[in-house]
Amino acid sequence: MNKFFMVATMLVALIPGLAIAGDSPAPDNARVYFLWPKNGTTIKGGKFWARFGLQNMGVAPAGVVKSGTGHHHLIIDADLPSFDEEIPADRNHVHYGKGYSEGRVELPPGRHTLQLLFADHGHFPHNPPVYSEKITILVPAE
Amino acid sequence: MKMLKASIALAALIISGAAVAGDSPAPKKAYLYIGWPNDGEVIRSNNFKVWFGLRNMGVAPAGVDKPLTGHHHLIVDAPLPPMDQEIPADRNHLHFGKGQTETRITLEPGTHTLQLLLADYNHVPHNPPVVSRKITITVK
């Protein structure tokens, strides 16, 4: 019994180590990027539409299981989250589960980072994960 | 009897006249536009990217029946098709049924028109139809 327990514990310990990305495959040439804003853009007032570029994959609303698709997540002022968990939903991780290809953003004055992370029907990043370059924008003080 | 026939014909006429769009509703503030190229753009390559802009509605692959979503159709060098039927699929009506939000197209040198038309899971435009402005570009 003790031995069984040990093996079971070891297996459980190994599984999370293996799960470095979600189960939904993404093609190697998939690419997500910002059409706008560009890295280094200064945005007066801090209110803008961020336009999401996506190559070699399609958009589907959250909950729709369809290969080669996913939905956008905008990461604001934060690092990439873990790829083997659901992307958190908070003010730093904005979900576009309705299938949007652009998002209205309002940011206070200061320097901000933006990054896109694509994810599958269950909000898990693909395998391999599809994410954009992290860009920095500046909202000038009024 | 004659009267009945006439009424049926009249009713059929009214119904067909009323069918100016599909059955899937679109919000009034839905906004579809070509994000690139710009109207009047002169493009020095016959192969270029077209980016599909859509606000206040979402994209879903063809066949996915989800309210307030649709998929893009790019109309090249052609007028808008009828709004109460499936959009044709040919070289002038390109379907993006996998949920794509951009494409690359190849066009001969010359002047061309581009226009986007969103349609529902069945390829029928929404009610009211969600259409972009028609732009004109020149390929050199």
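The values are calculated or read from the model by the stated rules, or taken from the named source; none is laboratory data. Treat the numbers as computed from the prediction; the structure is a model and nothing was measured. Cβ placement follows ideal geometry from the backbone for every residue including glycine, while neighbour counts extend to all protein chains displayed. These area figures cover heavy atoms from the full protein model, side chains too; ligands, DNA and RNA do not enter into them. Shrake-Rupley method; radii C 1.70, N 1.55, O 1.52, S 1.80 Å.
Computed from the Cβ-Cβ distance with R0 of 30 Å, the FRET efficiency linking B:Arg44 to B:Ala78 stands at 0.80.
On the beta carbon distance between A:Glu85 and B:Ala89, with R0 = 45 Å, the FRET formula returns roughly 0.65.
Kirkwood radius, segment B:75-140, all distinct C-alpha pairs, inverse of mean reciprocal distance: 12.7 Å. Eigenvalues of the alpha-carbon gyration tensor of chain A, scaled by 5 and square-rooted, set the equivalent ellipsoid semi-axes at 34, 18, 12 angstrom, largest first. Applying D = kT/(6 pi eta Rh) to segment B:38-90, where Rh is the Kirkwood radius over alpha-carbon pairs, T corresponds to 25 °C and eta to 0.890 mPa s, the Stokes-Einstein value obtained is 175 µm²/s. Given a 1.4 Å probe, show me the residues in segment B:75-107 buried by at least 40 Å² of accessible surface when comparing the whole protein assembly to the chain alone. Relative to the lone chain, where solvent access is computed with a 1.4 Å probe, segment B:75-107 loses at least 40 Å² at B:Thr101, B:Glu102. When each of the peptides A:128-139, B:103-114, A:23-34, B:69-80 is scored by how many other beta carbons lie within 10 Å of its residues on average, the order from highest to lowest is B:69-80, A:128-139, A:23-34, B:103-114. Amide H contacts under 5 Å for A:Ala26: A:Asn127, restricted to partners 5 or more places along the chain or on a different chain, H placed in the peptide plane at 1.01 Å from N.
Toward the positive end of the charge dipole of chain A, with +1 on the Cβ of Lys and Arg and -1 on the Cβ of Asp and Glu, the farthest Cα among A:Gly63, A:Thr41, A:Asn29 is that of A:Thr41. Counting Cβ atoms of other protein chains within 10 Å of each Cβ in A:93-103 and taking the mean gives 5.
Burial annotation for segment A:62-77: residues with an accessible-area loss of at least 20 Å² between the isolated chain and the complete set of protein chains, computed on heavy atoms with a 1.4 Å probe, are A:Val64, A:Lys66.
Share of pairwise Cα-Cα distances greater than 17 Å in segment A:46-101 is 43 percent (whole percent).
With a probe of 1.4 Å, find how much accessible area the protein assembly as shown has per residue, and write the answer as a whole number in Å².
54
With +1 on each Lys and Arg Cβ and -1 on each Asp and Glu Cβ, and nothing else charged, work out how big the dipole of the protein assembly as shown is about its Cα centre, in Debye to the nearest 20.
That gives a dipole near 660 debye.
Put B:Met83, B:Met57 in order of accessible area, highest first, and with a 1.4 Å probe you get B:Met83, B:Met57.
Rounded to the nearest 500, the helix-only mean residue ellipticity at 222 nm of the protein assembly as shown stands at -4000 deg cm²/dmol, with each DSSP H run of n ≥ 4 adding -39,500 (n - 2.57). Residues in segment B:36-52 carry Karplus couplings, in order, of 7, x, 7, 4, x, 4, 9, 10, 8, 8, 8, 10, 8, 8, 10, 9, 9 Hz; the curve used is 6.51 cos²θ - 1.76 cosθ + 1.60 with θ = phi - 60°, and Gly or Pro positions show x. Cα-based radius of gyration for the protein assembly as shown, normalised by 2.2 N^0.38 Å, reads 1.23. Computed over chain B, the range of Cα coordinates on each principal axis works out to 67, 32, 24 Å, biggest value leading. On chain B, 57 percent of the accessible area sits on carbon and sulfur atoms, based on a 1.4 Å probe. The B-A contact accounts for roughly 1700 square angstrom of buried accessible surface, both chains included, probe 1.4 angstrom. Peptides B:60-67, A:42-49 ordered by packing proxy, namely the average of other Cβ atoms within 10 Å per residue, highest first: B:60-67, A:42-49. Residue-wise HN-Hα couplings along segment B:84-98, as the Karplus relation 6.51 cos²θ - 1.76 cosθ + 1.60 with θ = phi - 60° gives them from phi, are 10, 9, 4, 5, x, 10, 7, 5, 9, 10, 8, 9, 10, x, 8 Hz; Gly and Pro carry x. In order along segment A:124-129, the Karplus-derived 3J(HN,Hα) couplings, from 6.51 cos²θ - 1.76 cosθ + 1.60 at θ = phi - 60°, round to 9, x, 6, 10, x, x Hz, and Gly and Pro are given as x.
Amide H contacts for A:Gly58 (H built 1.01 Å from N in the peptide plane; partners 5 or more residues away or on another chain; cut-off under 5 Å): A:Thr69, A:Gly70.
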